[in-house]
Structures are given as C-alpha cells and as structure tokens.
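Heads up, the thing below is written out as structure tokens.
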Amino acid sequence: MIEFKHIDKRFQLKNGSFLKVLNDFNLHVEKNDLLLIKGVSGCGKSTILNICAALQKPNFGEIIVNGESISKLSDSFASEFRLKNIGFIFQKHNLLTGQSVLQNLAIPLLVSNYTLAQIEKKATDLLDKFELLNLKDEPVENLSGGESARVAILRALINDANIILADEPTANLDLGLSELFISYMHLLKDEGKTIIISTHDDIFEKRCNYTNILNLKKKT
Amino acid sequence: MENKLFLYALHSLKRRFYKNFSISLVLVFLVFILFSVLFIKTSLEHELSISADGMPDITLQKLQGGKSVLVDTSRIDKLLNIQGISQAVPRNWGYYFFEPSDANFIIVGFDAFDGNFQSSLKKVIENLDDKIKFNKDGMIVGVGVKKLIEQSTGLNYINFINNKLDIYKVPIIATFTTQSSIFSNDVILMPYNLSKQILEIPDNKATDIVLKIPNPDEIPTVIKKINEMYPDFRIITQESLRIGYKNIFDYESGIFITLFIVVLFAFFVLVYDKASGLNESEKSEISILKAIGWKSSDIIYIKTMENLILSISSFLIGFAFAYFYVYIFNAPILKRLFLGYSNIYPNFNLVFNLDISIITIVFFLSVCIYLGAVLIPTYKCAVVDAEEGIR
Ligand SMILES: Nc1ncnc2c1ncn2[C@@H]1O[C@H](COP(=O)(O)OP(=O)(O)O)[C@@H](O)[C@H]1O
Ligand SMILES: [Mg+2]
C-alpha cells in the first residue's frame with residue numbers, strides 16, 4: 001500500500017554542502033499496518049513522513065501510495081492527493097488559534113466538495129463519536145494538552161483518509177496522555193486505517209503491538 | 001467551493017482583529033491625507049483658473065524706478081492704434097479703510113460693463129441687480145465685503161468718505177461668486193469715475209490700463225508693439241497671472257510636507273514589515289493548511305481576499321473621510337496650510353471636481369503597494385516546501 005523504493009533525500013545547507021538524510025531507503029507498509037519509526041532527533045523521521053505525504057519530493061527513487069506514484073506530483077495534485085489519502089498529526093498539534101474546535105475540524109474540508117452544512121455534520125458526528133461534543137465551540141487555545149491532542153487526531157480523520165501519519169505526536173504529552181493517544185491509535189487501526197508514527201519515545205514499544213518497527217540510524 | 005474559502009477569509013479578518021484594525025488605520029490615514037491634499041489642490045487650481053477667467057487679457061502698469069506709478073490716460077488713444085487691441089480702458093485700484101468693520105477693502109475702479117469686458121466679468125459675478133445702472137453708481141463686491149458690511153451696518157450700501165470729506169453713497173448691485181473668492185473676497189468693483197473720486201486720482205491719470213485682445217494668437221505681437229511704443233510699461237498677461245496664482249499655492253508650507261512624509265513613512269514601515277517576510281505564525285498557518293490538503297492557490301486566494309477586503313474598505317473609508325473633510329467641512333487647518341498665514345484668509349468653499357487620475361494615483365499608492373507587499377511573500381511561502389513551518 002505504501003512503498004518507498006530506493007529513496008535518496010538530501011538537503012542543501014547554508015554553507016553550500018549537502019546533508020544526505022536518506023540513502024537508498026526502502027520501506028514497505030501493508031494496508032492496516034501500524035508502523036513505528038524510531039530514531040534519535042535528526043535521523044530523518046519527519047523527512048520520511050513528509051515524503052509520504054507528498055510535502056517533500058525525493059531527489060531519487062519512487063514512492064507509491066495506494067497504487068499512485070507521488071514522487072513527481074505537481075504542487076496542486078500533491079494537495080489533492082493529501083486531501084484524499086492523508087491525515088497528518090503534527091508534533092505541536094498545530095491547531096489554528098482564534099478558531100473553535102469545530103472550525104479547526106472543518107478547515108481541511110473547506111477545499112473539498114462538501115457543503116458547509118455537510119462539513120458541520122461530519123465534524124459534529126466525529127466529535128460525538130469521540131465524546132468531545134462538549135468542546136465543539138471552545139476556542140482551541142482554551143483546550144488542555146490532552147484535549148488539543150485529541151482534536152488534532154480528529155482533524156486528521158475528518159477527510160476520511162485511510163493513511164494516518166503522526167510526527168512525534170507524544171513529544172509534548174505526559175505519560176497518561178501518551179497512553180491515551182496510543183489507545184486512540186489502536187482504535188483507528190481497528191477501523192482499518194494504515195498508520196505510521198514517528199517517535200523517539202520508548203513508550204510506544206512497551207504499550208503497543210506493532211506490525212513493524214523501523215529503527216533508523218542517524219547518518220554522519 | 002470558493003464561497004467557503006471566502007467565508008474563511010472573512011473569518012480570518014475577524015480573528016486577527018486588532019492587527020488588521022491597526023493596519024487599516026494606517027491605510028485609512030494614508031488614503032485620507034493623500035485624497036485631502038489632492039482634493040484641495042485640484043479644487044484650488046480649478047477655482048484659480050475661474051478667477052483668472054475674470055481677469056483682463058493684458059494689464060499695463062507704468063514703472064518708474066522699479067515701482068508702479070500712475071499712468072497718463074492719454075496713452076490709451078495711441079494704444080488703440082495697435083492692431084489686435086479691441087479695447088483699452090483705464091483702471092484704478094487702491095485700499096479703502098472701512099471703519100465700521102475695522103477692515104481694508106480693495107477698490108477696483110473700472111468700467112467693466114463697457115463692451116467686451118462684460119462677458120468675462122459675468123463669469124465671476126452673481127445676483128446682478130439690473131435695475132441699478134452700474135455705470136453710474138453701483139458696486140460689485142466680494143462675499144467677504146458683503147458679509148462685513150451686513151454685519152457692521154446692516155445696510156446694502158457704503159458711504160465712502162475721501163480725504164476731502166466728500167461722501168459717496170454706493171449701493172451693492174451684485175457679488176462675486178464664491179468660487180472666485182480666493183481673490184475677490186475683499187474686492188469692491190466700481191465705475192472708473194467713482195473710484196477716481198474716492199481714491200482721489202488726478203484727472204487724466206489711472207493706476208493701470210487694461211486691454212481686450214479678442215484673438216489670443218495676436219497677444220505676442222501686441223506685446224512687442226507695446227514694448228516698442230512705451231518701454232516703461234510692465235505688461236501682465238492673463239497667462240502670467242494664472243502661473244502666478246499657481247505658484248502662490250506651490251506648497252510653500254513645510255508643515256504639510258512634513259505631515260505627508262510622516263504618513264508615507266508609517267505606510268512604508270508597514271509595507272517593509274510585510275514585504276520582508278511573514279511572521280512565524282503566518283508561516284505556520286500556511287504550512288498547516290498545505291499539510292492538511294489545501295493547494296497553494298487556495299491559500300493565495302484567501303490571503304488575497306483578506307487583504308483586498310482590508311485595503312479596499314480602508315481606501316473607501318479614507319476617501320469618504322477626505323470627501324467630508326474637504327467638501328463638507330471645507331478642510332479646516334489643511335486649507336490654511338495651502339493658502340499660507342500671511343494672506344487675508346477668505347472663507348471660500350471648495351467645489352468637488354471628480355478627477356480619475358487622482359483616484360488612480362491614490363489607489364496605486366495605497367491598495368496596490370500594500371497588496372504587493374503582502375501577497376508576494378505569501379506566494380513565496382505557499383509555493384516552497386510547506387514542511388519548514390511545521391517543525
Ligand atoms: N529543509 C531542510 N533544509 C536543511 N536541512 C534539513 C531540512 N529539513 C531537514 N533537514 C535536516 O535533515 C535531517 C533530518 O531531519 P528530520 O527528518 O526532521 O529529522 P527528525 O524528524 O528525525 O528529527 C536533520 O539533520 C535536519 O536538520
Ligand atoms: Mg522531526
């Protein structure tokens with residue numbers, strides 16, 4: 001379902017030299033897999049997720065998601081691809097401040113074909129399902145850490161994507177909230193989602209039954 | 001689909017209310033100042049040219065030792081021999097101290113209703129009372145004069161007294177238009193012979209001589225001939241009066257230039273701040289939007305809408321303020337800066353004169369520059385890799 005084939009990714013640094021982050025990187029993720037990418041900071045975890053979401057392009061190699069090669073998509077097709085296939089959860093949860101929970105959930109669908117009424121219904125149903133309906137109209141800056149983590153998960157689900165990418169989602173959460181997060185991921189796996197989580201925490205390995213764990217080594 | 005994004009743009013404007021409000025304050029102020037200055041400038045120019053229309057084609061003054069002295073009216077006959085001059089009449093002018101108001105009026109004595117001068121004079125007078133014959137005993141006064149007479153005596157005539165203590169009762173038969181009042185405000189126009197007596201000008205003398213030249217093409221040759229005939233004449237054409245008027249208002253006041261610079265400076269600080277790149281929260285918003293499936297074009301669309309609404313509404317508000325300030329409230333303070341403090345300050349009304357080029361200039365200086373400053377960095381940010389803002 002997700003296939004990285006001989007991926008090279010390098011960044012040009014300010015001094016002109018190149019940093020090679022991925023070198024002939026290969027990865028195969030089956031549908032409904034729950035993959036954990038582990039590694040120290042700077043080893044390339046975010047880069048892998050970004051390439052998978054077509055936010056970055058590899059310098060070499062091919063990546064195929066749901067049968068579609070996405071390594072050379074134009075900017076606007078990449079956006080369409082994301083809207084259709086990817087739910088992204090960021091490290092800092094990255095909710096848009098000044099807007100309510102409902103509005104944050106609605107944002108991904110504003111560029112879809114749904115009407116505003118349909119969007120509101122989808123968001124409300126989702127909040128209901130995860131027992132967060134009482135937060136519906138709350139501005140996101142009033143949310144606790146755990147609440148905003150959950151809203152960030154829901155925002156990744158709103159577009160019904162079957163791939164969930166979570167980039168160090170527990171980095172800012174305490175142990176209890178991290179465990180809550182993991183239980184959510186299990187729930188999503190049970191619903192048939194394909195999930196990739198990057199982390200440098202040990203907690204995932206202890207609490208999770210993973211299909212797959214990838215230990216990344218930092219290149220020098 | 002666009003509709004949803006438009007609502008999002010509206011909502012974003014509301015969300016960052018204080019920031020947007022302060023940007024819009026700067027924009028409104030800039031637009032207001034630009035429009036006010038340009039409105040006043042064009043209206044003044046328009047009124048000056050109306051005033052100049054009422055001036056003679058050529059005025060001749062005799063110079064002696066660099067000062068103007070009385071001229072012999074016997075020269076008129078010889079002037080009339082010059083081809084192109086259809087009419088030459090003597091004119092007197094001088095100051096008259098009007099005691100009841102403690103004010104100085106300018107008396108211009110000139111048989112204006114004779115022949116060809118009438119048409120140009122009619123452009124600048126109103127309320128002409130035809131029953132009283134101007135040739136004998138009437139006067140046409142500026143609005144300022146009329147007001148002062150009414151306030152101090154309640155009458156519609158003046159009893160002029162000269163140094164020999166002769167008294168001349170002269171009724172008002174018309175007033176100059178408000179539009180021409182920059183110059184006509186304190187002027188009294190009366191028949192030549194009457195002015196001679198009030199100003200005590202000797203027989204066969206006048207302050208100057210005015211000429212009517214029906215064909216403007218002939219003016220240069222006429223000037224040349226006058227010069228040959230009477231080298232001691234200073235020749236003042238209507239054209240040179242026009243230029244002179246404009247120069248009076250050529251921004252002699254440093255105050256308003258300073259004001260101008262201050263506002264422009266504030267604007268360019270704003271523009272520089274915007275153009276030098278987006279702040280962290282704006283960058284992160286853009287990269288989040290991209291990561292959750294928005295296209296660059298969607299992001300540029302909402303940013304364009306947001307800033308179009310902001311800048312165009314500021315433009316309209318600034319325009320409306322300037323319109324009310326200049327044309328309804330008659331531009332207090334700023335008009336003074338234009339006219340200078342030294343002049344007698346006439347209370348004339350500015351008249352609206354729609355000028356597309358002014359609107360274009362102000363629109364470019366405000367809306368276009370602002371939009372460019374905001375949208376170019378947005379475009380750059382939305383089109384580069386979105387991932388950078390997320391980390
Ligand atoms: N846009 C970029 N420009 C330059 N270097 C980058 C860029 N993005 C990532 N890097 C570098 O690539 C390496 C891997 O980054 P990343 O994938 O974010 O690591 P991780 O998520 O594992 O901490 C790091 O050393 C980082 O500094
Ligand atoms: Mg990372």
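Points to keep in mind about this one:
- Of residues in segment A:57-83 being within 8 Å of chain B (Cβ to nearest Cβ) and surrounded by fewer than 21 Cβ atoms within 10 Å (Cβ to Cβ), the one farthest from A:LEU27 (Cα to Cα): A:SER76
- All strands (runs of 3 or more DSSP E) inside segment B:133-216 with 2 or more residues being surrounded by fewer than 16 Cβ atoms within 10 Å (Cβ to Cβ): B:157-161, B:167-176
- Here segment A:152-200 is the region considered, the condition is being of a type in the set (Val, Ile, Thr) and away from ligand 1 (no atom under 16 Å from the Cβ), and the residue that is nearest to A:LYS121 (Cα to Cα) is A:ILE158.
- Scanning segment B:13-27 for residues that are open to solvent by less than 20 Å² (accessible area, probe 1.4 Å) and touching a Ser or Thr at 6+ places or on another chain (Cβ under 6 Å) gives a single hit, B:LEU27.
- Given (1) among the aliphatic types (A, V, I, L, M); (2) open to solvent by 20 Å² or more (accessible area, probe 1.4 Å); (3) more than 14 Å from chain A (Cβ to nearest Cβ), number of the condition B:LEU10 does not satisfy: (3)
- Matching residues, segment B:310-326, being surrounded by fewer than 19 Cβ atoms within 10 Å (Cβ to Cβ) and at pLDDT below 95: B:TYR323, B:PHE324
- For first residues located in segment A:88-105 and facing chain B (nearest Cβ under 10 Å), partners that are basic (Lys, Arg) and surrounded by fewer than 19 Cβ atoms within 10 Å (Cβ to Cβ) and lie 6+ apart or on another chain with Cβ distances below 8 Å form the pairs A:GLN91/B:ARG391; A:GLY98/B:ARG15; A:GLY98/B:ARG16; A:GLN99/B:ARG15.
- Subset of segment A:38-73 [within 15 Å of ligand 1 (Cβ to nearest atom), in contact with a strand residue (DSSP E or B) (Cβ under 9 Å, 6 or more places away or on another chain), over 15 Å from A:ILE86 (Cβ atoms) and of a type in the set (Gly, Ala, Ser)]: A:GLY39, A:GLY42, A:GLY44
- Any hit, segment B:62-82, residues being under 30 Å from B:LEU354 (Cβ atoms) and either small (Gly, Ala, Ser) or open to solvent by 20 Å² or more (accessible area, probe 1.4 Å) (or both): no
- Residue within segment B:280-302 that is open to solvent by less than 60 Å² (accessible area, probe 1.4 Å), closer than 26 Å to B:ILE358 by Cβ and touching a residue at least 24 places away in the same chain (Cβ under 8 Å) present: no
- Residue match in segment A:172-189 (condition: in contact (Cβ under 8 Å) with a residue 40 or more places away in the chain and within 14 Å of chain B (Cβ to nearest Cβ)): yes
- Of all residues in segment A:22-34, those that are of a type outside the set (Lys, Arg), out of contact with any helix residue (DSSP H, G or I) (no Cβ under 8 Å at 6 or more places or on another chain) and in a loop (DSSP other than H, G, I, E, B) total 2.
Residues checked against (1) away from ligand 1 (no atom under 16 Å from the Cβ); (2) in a helix (DSSP H, G or I); (3) at pLDDT 65 or above; (4) surrounded by 19 or more Cβ atoms within 10 Å (Cβ to Cβ):
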| site | (1), (2), (3), (4) |
| --- | --- |
| B:ASN330 | yes, no, yes, no |
| B:TYR345 | yes, no, no, no |
| B:GLY372 | yes, yes, yes, no |
| B:THR378 | yes, yes, yes, yes |
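- Residue match in segment A:106-117 (condition: more than 8 Å from every other protein chain (Cβ to nearest Cβ) and either modelled with pLDDT under 90 or over 30 Å from B:VAL383 (Cβ atoms) (or both)): yes
- Reported count of residues in segment A:1-21, each being in a loop (DSSP other than H, G, I, E, B) and open to solvent by less than 80 Å² (accessible area, probe 1.4 Å), is 4.
- When A:LYS31, A:LYS20, A:LYS38 are checked against the criterion of being within 16 Å of ligand 2 (Cβ to nearest atom) and among the basic types (Lys, Arg), a single residue qualifies: A:LYS38.
The values are calculated or read from the model by the stated rules, or taken from the named source; none is laboratory data. Fair warning: this is a prediction, and the values are worked out from it, not measured in the lab. Positions of Cβ are generated from backbone atoms using ideal geometry, with glycine treated the same way; all protein chains shown enter the neighbour counts. In case anyone asks, the SASA skips ligands and DNA or RNA and just uses the protein heavy atoms, side chains included. Shrake-Rupley method; radii C 1.70, N 1.55, O 1.52, S 1.80 Å.
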